[in-house]
Every structure is written in C-alpha cells, then in structure tokens.
Amino acid sequence: MSGRRVGRRACWSTVRARVTVVAGLALTAAVTLGLVLLYLLQVGSAHRTADDQLRTYAAQVEQSARGGRWPHPLPASALDPNAQAQVLTPDGTVLAASRALQGQGAVYALPPGAGTPVRQNAADTAVNGEVRVLGSRATVGGKAVTIITLTTTDLLSQVSETFARLLLVGVPGILLLACGTVWLVVGRALRPVERIRRSVTEITAADLSRRVPQPGTHDEIGDLARTMNDMLTRLDDSAARQRRFAADASHELRTPLAAIRTALEVGLAHPKTAPWPEIARRAVRQSERLETLVHDLLILARSDDRQLVTRRRRVDLGELVEEVRATSAAPRVPVGIDRAKTVVVVIGDAEHLSRMVRNVLDNAVRHARHSVQISVRDAPPDQVRIEIADDGPGIPPEERERVFDRFVRLDASRERTSGSSGLGLAIAKEIATAHGGHIVIDEAPGGGALVLITLPRAATG
C-alpha cells in the first residue's frame, strides 16, 4: 500500500510535479526572452556607441584640413584607437588616409544620394574582421569631399559569445534552480492538504466526531480545512439525528405492537373467559395507530430523499382549508375560517398540503380551550399565508423551534395516550419546505399559539 502511494506521489501526474514543470518552463521561457531582449539592447547600444565615435572622428578629420590641405597621415581618433579614415573626391580618388590605410585605394565609397557606404575591392586586403563604417559628405577649402570612417572591432563577437554562454550554461542552471525551488515550495504548500487527506481516509461512518487538522492560515487550504470540518459537523449531526430518529421510531413502533401482543397473550391465557370482542377492538385501535405511524415515517423518509412532492398542480388554498375542516372528525371546539375574497392559489401537491393543514389544525384543536380560527390571506408581494390560531396555553418562545423536531412532546397533553406520535408538526414543516415555503410559531392575540404557514403564490394566468 505504501509503495503504491509513493509511486503515485512521484508520478508526473501529481499536482506538485505539474506545477513544478509548468513553473520551470514558464520561468525558463521568461529568462530566455529576457536574455534575448538584453542581447538586442546590448548590440544596439554597441552599434550606437561605434557610430557616435565614428561621427566624432569624421568631424576631427574635417577639422584637421587647414586651407584645404590634408595632413598625411590623417590624425588618429581620440576615442577609438582602431578607427581609420579616408578622404575621397566625388570620383573616388583618395586625398588622404590614416596611417593603416595609406597607399590603399578607396576601401568604401558613398554613391551619390546614398547614405550607406558601399564596400570596395580594396577592403578585402586592407580591412579584416568586423567593420563598422560611416560615410559623410563635407566641403573643405571650397571642394566637396567624402569622409569615410571605419573601425574594426570584435565587440559584437564578445557580446554574442557572452550571451551564448549564458544561454548554454545559465538557463539550464536557472531551470534546475527554479524547478527545485518550486518543488520544495509547492510541497510545503501542499503538506497540509496531505495531512487533511490522511485524516479524511481515517474517518469512518462509525466515528464522525473526528475533524481534519486546520493549518491556521487564511488562504485556500485553510478554507478547505474549515469547509471539510463544517461538512463533517453536518454529517455528524445528520448521523446523530438519524440514530435518534431510528431509536425513537423503534420505540414508537414497539409500543402498539407490545399492546397488541399483551392483549392477545392475556386472551390466550384465558380463552374461555377473555373478552374477545374488546381485545379485537383494542388490537384494531393499536393497528390503526401503527399504520398511521408507519405512514408518517414513510412521508419523512421521502422528505429526506427530496421526493416528497412528485405531483404539482394549482391548488385553491381556501377550498382546501374548507375541505380539511369538513372531512375532519368532529372537533371538540368550534373551528372558524376567514377566507380572502380573492382566490388564493399555490402550486403543489393537494394531498400533502391537506395533510400539512390537518396536522397543524389537529394540534391546535388538541390544545385549544374554546375555539380555533383559520385565516387564508395573500401576503404581498408574491406569497400566501395560512394562519391557525388557538386560545390554549401557547408554546414558550424557547420551545417554538423544537416542536418541529421529530417525536417531540412538550407536555403531558402530548403523551402517547393522546394519540399524538410527535410527528405531526415535523411533517407539516417538511411539506411546507418541500413547497418552497416555511412555517413558524408565534403568540396568538388571545394568548394561545399562532402557526403561520407561508407559501409562494402561483402565477396568474
């Protein structure tokens, strides 16, 4: 296992290797481009320096003529000891030359209208190596002349050799140094990721309380660690809720089953004297309770899988509330309905919406003292609201969120003997959420509980 892991880390497909290669190549390309640009700048600078020195030498040669007579030889350049000069007539005759070019024919000529000197045959024997030539026209002693200045230099060769050495030696060295540096830096940067990976591989569903180590930095890796810990916290909470839900469900299911079994065992112990009709009625009541509980658990399971609402159509909430009241068992307190004059329509599953209203209404009737009031209204800008208020003892503010948890009973009136499983409000909340709405509890004007169900209103048309 460790061998495969080491091989995987050393593979070129790892992030560390890819970043190293890309960064090294990018840095090498940038350094090479910089060297090329520097080379061009150096060559241009050398050319400009040589040309400036040749212009200065040409001016020096022009000034050396006194009364139209040229010195023999021409004076040497004050700036460049390798510089040479010739003074030519318009037809190419040499009037004067520096010491190294005396006795030579014209090595370069400046044709009429041209700005660049043209090499002549005499240059093949008189001039060797790299040559930089400059030609200028002047009038000395009333006669037009051409002054040719040139210098033989190996500066360009030196520059080229220097930059070639840098490219052949410096660039590979820079590449190795860059790759090594990037490899170490990226490895150090990814070290917390490796610790996070090892921690995650050791976390199992049996123990979600563990967390990945946080580097304590405010960067992407720190955000990753915090996000993973938040995810593990949510998974841990979800697993804990599922365990509690499974335990509560098992307990709720065991209660009616135990009641049925006990009644049957008592009857079987005294088969001749046992009140079998009463035992059968008890078994039917417990089986109905068991069936209702299983149905509620099925709804919650579908809600957890995001499959609660599978059929959607336009539903008139006013008519739905009227139907729920008409089809409910005779309540022990009056239930009034206050409907809006306009039709209040939502998009959803009519069966589940009816169950939501029925669950909240049954809870209100169970705790009301004298009456329950239902109101159906538009809630601008694009919502509708169902309000169900009772005049019972109400729900304390600190318990108004907890009553929507599963299998929650707040007081003695919600014991199992009352027929409540503690799932009614939890199912109502899941149905409201599945329809894009929400449900909250407040205090009714009369002091009881006020349940507010808000749903998105259907578009007109």
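The values are calculated or read from the model by the stated rules, or taken from the named source; none is laboratory data. Values in this document were obtained by computation on a predicted structure and should not be read as measured data. A quick note on method: Cβ atoms are made from the backbone with ideal geometry, for glycine too, and the neighbour counts reach across all protein chains shown. Ligands, DNA and RNA are stripped out before the accessible areas are found, and what is left, the full protein with its side chains, is counted by its heavy atoms. Shrake-Rupley method; radii C 1.70, N 1.55, O 1.52, S 1.80 Å.
Fully extending the segment from residue 32 to residue 443, taken as 0.36 nm per residue of separation minus the present Cα-Cα distance, adds 140.3 nm.
One chain, two ends: residue 152 and residue 292. Fully extended at 0.36 nm per residue, the span grows by 39.6 nm beyond their Cα-Cα distance. As I understand it, the value is the acute angle between the Cα axis of helix 317-327 and the longest principal axis of the Cα atoms of the chain; what does it come to in degrees, rounded to 10? So the helix axis and the longest Cα principal axis differ by about 30 degrees. Approximating the spin labels as points 7 Å out from Cα along Cα→Cβ, the residue 328-to-residue 278 distance works out to 3.2 nm. For the chain, the share of accessible area belonging to carbon and sulfur comes to 56 percent (1.4 Å probe, ligands and nucleic acids excluded). Solvent exposure of the range 186-262 amounts to 66 Å² per residue of accessible area, where only protein heavy atoms count and the probe is 1.4 Å. Between residue 313 and residue 184, the simple label model (points 7 Å from Cα in the Cβ direction) yields a spacing of 7.4 nm.
Could you check what % of the DSSP bridge pairs in the range 269-396 are antiparallel, to the nearest 5? Counting DSSP beta bridges with both partners in the range 269-396, the antiparallel share is about 70 percent. Be a star and scan the range 45-59 for residues whose amide nitrogen sits under 19 Å from the point 7 Å along the Cα-to-Cβ vector of residue 130. The answer is 45-55. Compute the acute angle (0 to 90°) between the alpha-carbon long axis of helix 15-64 and the principal axis of greatest extent of the alpha-carbon atoms of the chain; round to the nearest 10°. Taking Cα atoms only, the helix is inclined about 30 degrees.
An oblate overall shape is assigned to the range 204-353, the ratio a/c of its alpha-carbon gyration tensor axes (a ≥ b ≥ c) being 1.5 or greater and a/b not exceeding b/c.
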